[in-house]
Amino acid sequence: MKRGISYAGLAGTIWGMVLMVPQVMPAFSPWLLSAVRFTLYGVISLLLALPLAGRIRAKLQAEDVIMLAVLSLVGNLLYFILLAAAIQLVGIAPASLIVGVLPVTITLLGLKDEGALSLRQLAWPLLMVLAGIVCINIDTFTGSHPATASVADRILGVLAALGALASWSWFASRNARYLRQRPCFDSHEWSCLLGMVTGVMGGGLWLAGNWLGLPMVSQAVSHAQWQLFWVAATGCALGGSWLANALWYAAARRLPPTLSGQLIVFETLFALLYGFVWLQRWPRPLELASILLLLGGVAWAVRRHATPAEEQAMPAWQGS
């Protein structure tokens, strides 16, 4: 279980950094960011899958292809388009706040799965996570920072973030269950397959955007900004898509869904941390309280899932 927790934490550190990309490059549309990121993800996955082609082909069935297509559409393209739009409309703090509810939604979706604890057993850890999210919410909408969006933009941003929350909640729950149904695929193989399918869809997204005449950039972009865009898109594809996904799939195989649902909170925590570094300031009191509550709730959930032997081996600071 400890290895699964470590994998989930590493995935969260990478995903938190990916959330900063729409914030630091607002000139590029979510459509363009998604299309390029996931096309590159597909190319990287194809290269990584070539040595495994024979082994993967022997295992792959029609239902796997269908599931890969659905997971790619909902959990990659739709999620990132909605989340990037939310970040650009209302900022990273409100968007992270709403997506930060993922520990609760994923846990609730996994309550009936094998190895899951009951809602009553997880009530206090979940309440701590919710309290942390409430603290971020209060600070976001009452803190001393200037409004940068109209009321309409804020409403659209919140709706986009809620859509991102719904899409990734379903993706995380359904993907974990399917991986347990198909143990013949290891984490690396599944990540490569998902990446290749997502890459095809990313290319289709680019073509659809051009055909529909969608604006890909909101203002004049310099050569230096384009260079940064390609570096960021490649980093998102290699780290945020392939590596982080592989780490998360490895964690999903080792952890019950009610615990893996809690550990997605690391994405929110690291997104907030990177945001503070970008803004060059320390967390305000409510923000600090939120971080402590989120970490405390996750640590408590980990302790609740631990077997007696694992519990004795855990450091004393990991909950009570």
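The values are calculated or read from the model by the stated rules, or taken from the named source; none is laboratory data. For clarity, every value in this text was computed on a predicted model and none was experimentally measured. Here the Cβ positions follow ideal geometry from the backbone for every residue, glycine too, while neighbour counts run over all protein chains shown. To get the accessible areas, we keep the full protein, side chains included, count just its heavy atoms, and leave off ligands, DNA and RNA. Shrake-Rupley method; radii C 1.70, N 1.55, O 1.52, S 1.80 Å.
Out of W226, W242, W248, one residue alone is in a helix (DSSP H, G or I) and within 17 Å of S29 (Cβ to Cβ). It is W226. Taking first residues from segment 21-35 that are at negative phi and partners that are open to solvent by less than 10 Å² (accessible area, probe 1.4 Å) and part of a strand (DSSP E or B), the Cβ contacts under 9 Å between residues at least 6 apart in sequence or on separate chains come to V21/F28; P22/F28.
When residues in segment 94-116 are screened for being hydrophobic (A, V, I, L, M, F, W, C), modelled with pLDDT of 75 or more and crowded, with 24+ Cβ neighbours inside 10 Å, 3 of them pass. Could you say which residue among F171, F229 is within 21 Å of P103 (Cβ to Cβ), buried (at least 19 other Cβ atoms within 10 Å of the Cβ) and among the hydrophobic types (A, V, I, L, M, F, W, C)? Selected residue: F171, the only one of F171, F229 that is within 21 Å of P103 (Cβ to Cβ), buried (at least 19 other Cβ atoms within 10 Å of the Cβ) and among the hydrophobic types (A, V, I, L, M, F, W, C). Against the criterion of being among the polar types (S, T, N, Q) and not in a helix (DSSP H, G or I), Q219 qualifies.
Considering only segment 45-87, state which residues are charged (D, E, K, R) and in contact with an Asp or Glu (Cβ under 9 Å, 6 or more places away or on another chain). Result: R55, K59.
In segment 18-131, counting only helices (runs of 4 or more DSSP H) that sit wholly within it, the ones holding 2 or more residues that are more than 26 Å from P283 (Cβ to Cβ) and in contact with a Ser or Thr (Cβ under 8 Å, 6 or more places away or on another chain) span 30-49, 79-90.
Is there a residue in segment 43-57 that is within 21 Å of A84 (Cβ to Cβ) and open to solvent by 30 Å² or more (accessible area, probe 1.4 Å)? Yes, because at least one residue in segment 43-57 is within 21 Å of A84 (Cβ to Cβ) and open to solvent by 30 Å² or more (accessible area, probe 1.4 Å). Counted as qualifying within segment 259-314 are the helices (runs of 4 or more DSSP H) with 1 or more residues that are open to solvent by 70 Å² or more (accessible area, probe 1.4 Å) and modelled with pLDDT of 75 or more, namely 265-279, 285-305. Go through (1) closer than 17 Å to T268 by Cα; (2) modelled with pLDDT under 80 one by one and return the number of the condition L119 breaks. Failing condition for L119: (1).
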